[in-house]
Every structure is written in C-alpha cells, then in structure tokens.
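The values are calculated or read from the model by the stated rules, or taken from the named source; none is laboratory data. It should be emphasised that the depicted structure is a prediction, and the values quoted were computed from it without experimental measurement. FYI the Cβ positions are ideal-geometry reconstructions off the backbone, even for glycines, and counts take in every protein chain you see. The protein model used for the area step is the full one, side chains on, heavy atoms only, and it has no ligands, DNA or RNA in it. Shrake-Rupley method; radii C 1.70, N 1.55, O 1.52, S 1.80 Å.
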Amino acid sequence: MTYLITGGAGFIGSHLADRLIENGHRVRVLDDLSTGRRENIAHLEGRDEFTLTTGSVLDEDVLDREIGAADRVVHLAAAVGVKRILDRPVETIHTNVDGTKNVLQRAAEEDKKVLAASTSEVYGKAMQENEDLEALSETDNWTLGATGKRRWAYACTKAMDEFLAQAYHDEYGLPVTCVRFFNTAGPRQSGQYGMVIPTFVERALSGQPLDIHGDGTQTRCFTHIDDAVRAVVQLLDTPAAEGEVVNVGQPTEISINDLAERVLALTGSNADVRHVPYEEVYGDGFEDMKRRTPDCSKLADLTGYEPQRTVDDILRDVIEEVGAAKDEEAGAVA
Ligand code: NAD
C-alpha cells in the first residue's frame, strides 16, 4: 500500500514513515519543512519505497497529485503547539483549518481513507471545571477559554478539523478517523517550539537551568512515540474506527516538577530548576490546564492497544539522542 503522510518530516510523521516502510509499505511525504526537519527522514531518502515532496497542504495542485498517488492518507501537517499559535496566529489558523479541508475534500473525491491528527488540547479546561473527572473521554464536553485568549485558537482549529472530518464521513462516506494525541514525546522532537521534554533534556545536558512554567504542580501524561505510532497503525487497519474520534495516549500522570527531577536524575546533571510565571513566558492572561489525563478505553476496545513504554523510557531515549548530538558537535569542534 502507498501512504501519503502530510507533515511526514516532523516528529510523529517521520517515526510513522519508518514503521510503515518496516511493515512493507511505500511512503510519500508532503511537508513544507516549517517545523519538520530534513534530517528526520534523511535515512529514508534514496530508498525506492520513499518519496519526499517539499510543499504545502495549502497548495491544491501538489495535494491533488500526492493524494492521487496514494492509497491512504495520514494527515499530520499542522502548525503545532501553543507557542506557535501565540506567535503566528493567522498562519496557524489557515494551515490547520484550510489545510485539513483541502486534504479531506481531495480524499473524498478520490475515496481514499484518511487518518487525521487532532489534539488533547481540544478538551481545554474540562478537568479543571469538573474536578470529579478522572480522565478525559471522547464524549466529554470541551471547555475552552474566551476567544480573546489566543492559546485556545489551536484547540479550536483542531476541533474544527474533527467536525469537518466527521461531516465528510457522514455526508460523503469518507473513511476517516481522527486521533487526539496526548503529549507524545521521544527522539526527533524539537524543543524549539516549547515542547517540554526535549527542552529540559537539552538544558540539563548543557548545565543550563530548567525553567518550569507556573508552580510545576500541573501534570501531564507523556506517551512514547513508539506507542503512539503503534496505535496509529492499528487504527488505520480498524474499519470500526472510521467516522470516530479516538484518544491516543497513556494515563500515568507526572507533574512538571517531578519531570524536571527525573531529567536531572537520569542525566546526572546539577542544573538548577527555576519556576517562571506563565505571564513572563506567554504574556498576561495565559491559561494552562492543571491536568490532562486520557481515558484510552475506546482505543483499547477498538484495537486491543495497551501502552508499553514509560516516561523514563522516553527520557532515556531522548537523553541518548541529545547526548549523541552533543558528542558529535564536540568532536567536530575538536
Ligand atoms: P511537527 O511540528 O514535528 O510536525 C508537523 C509537520 O507538519 C512538520 O514537519 C511541518 O513542517 C509540517 N507542516 C506544517 N505546515 C505544513 C503545511 N502547510 N504543509 C505541509 N507540511 C506542513 O509536530 P508533531 O508533534 O509531529 O505533530 C504532528 C501532528 O500531531 C500535528 O497535527 C499536531 O497538531 C498533532 N499533535 C501532536 C502532539 C504531540 O505531542 N507531538 C500532540 C497533539 C497533537
């Protein structure tokens, strides 16, 4: 089978490309390399099973050609993360809404199956507003802040993608599944756009202070990239997932304070830990969620999925990657 991965030079996309090729498929990547990196897929370039097209999902001609050449589409291309939406709101909203509309429309015309990335951000402040909620499941209400608070625009664009995907499924019979990724992490994730694990590891290994935003008691559930990719591959082969929105994550929480401590312990670093008020990082009125814990029972029911990797596994893998890059840099200088 030939898969088109939009955003395939990014973190999740490049790992998915590896897995699909390992499983005997062909992969075409369409990526504008805005946050993705050529080195993420450099090891695949030159292989018969792999093609990279540098271009945008906003370019309908390129998209037409790419979707025409594929059997299935995994749509990951997006302006990702809260920091980017704060810095470049117009571009983010266009890419995430218009890009997804383009993909769904073309795929519907050609009757090609699609899996599209959404995010746990869609739940917004649901766990804060309802403290009895143990975990977030797909049918729970979403609770976003006011539209004047720009960070919610990212969640809103992804929620619109979900509405669109379900509309294309119901109205045109498009076989499409949306996955809500919860804080996926591992090698190849860039710290440049505010992702916490690569940032902490990079700082610990260079002896720079680890900056925790807020008081650090907020918790997150980090999913190892290998688990997330396995879930995506299983969902692609599950007809019952078509027309559905599915959480992809794992439910073990860790506070950001504890995460910083684990990073220091596993790197053996003596770097300082500092608490920085949200306003200093993101400006006045920034809102964050205290907890964001997935209920993964729908994913388990559909595919039999169980997470296999822990947060320590993620940290060890990222430390190994960042450490090797630092050794290489030092070797090049020496
Ligand atoms: P990433 O930034 O590494 O990947 C996104 C890729 O899309 C990049 O390679 C980027 O260059 C590409 N891209 C951006 N705009 C494009 C455009 N107009 N045309 C073509 N390519 C474009 O981030 P990621 O973590 O791999 O995220 C992949 C998807 O998963 C995104 O849709 C993101 O919203 C979603 N997601 C990720 C996480 C996570 O924890 N990593 C959590 C929730 C949702």
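Miscellaneous remarks
- Lysine pairs meeting the criterion (Cα under 26 Å, 8 or more apart or interchain), as found in the chain: 24
- Under the Karplus curve 6.51 cos²θ - 1.76 cosθ + 1.60, θ = phi - 60°, whole-Hz ³J(HN,Hα) for the stretch 47-60, x wherever Gly or Pro sits: 7, 4, 7, 10, 9, 10, 10, 8, x, 10, 5, 7, 8, 5
- For the stretch 1-68, convex hull of alpha carbons as volume per residue, Å³: 72 Å³
- Helix content alone sets the calculated 222 nm mean residue ellipticity of the chain: runs of n ≥ 4 DSSP H residues at -39500 (n - 2.57) each, divided across all residues, give -13500 deg cm²/dmol.
- Under 14 Å from the T310 label point (7 Å along Cα→beta-carbon), backbone N, the stretch 259-284: 259, 262-263, 266
- For the stretch 119-194 versus the stretch 303-334, the gap between their alpha-carbon centres in whole angstrom: 27 Å
- Amide H contacts of V273 (H built 1.01 Å from N, under 5 Å, at least 5 apart or other chain): L210
- Whole-Hz couplings from phi, Karplus 6.51/-1.76/1.60, listed for the stretch 266-283; x for Gly and Pro: 6, 8, x, 8, 9, 4, 6, 10, 10, 9, 10, x, 3, 4, 5, 8, 10, x
- Amide H to amide H, with H built 1.01 Å from N, V73 comes under 5 Å of L4, K113, V114, L115, counting only residues 5 or more places away or on other chains.
- Per-residue 3J(HN,Hα) values for the stretch 309-315, derived from phi via the Karplus relation 6.51 cos²θ - 1.76 cosθ + 1.60 with θ = phi - 60°, read 10, 9, 5, 5, 4, 4, 4 Hz in sequence order (x marks Gly and Pro).
- Directionally averaged shadow of the stretch 1-135, computed from the convex hull of its alpha-carbon atoms, nm²: 9.6 nm²
- Expressed as a whole percent, the accessible area of the chain that falls on carbon and sulfur atoms is 45 (1.4 Å probe).
- Evaluated over the chain, the Cα radius of gyration and Dmax, each in Å: 19.4, 62
- Accessible surface for the chain, divided over its residues, is 43 Å² per residue with a 1.4 Å probe.
- Neighbourhood net charge (14 Å Cβ-Cβ; Lys/Arg +1, Asp/Glu -1) for D170: -4
- At 1.306 mPa s and 10 °C, Stokes D of the stretch 121-224 from Kirkwood alpha-carbon radius, µm² per second: 97 µm²/s
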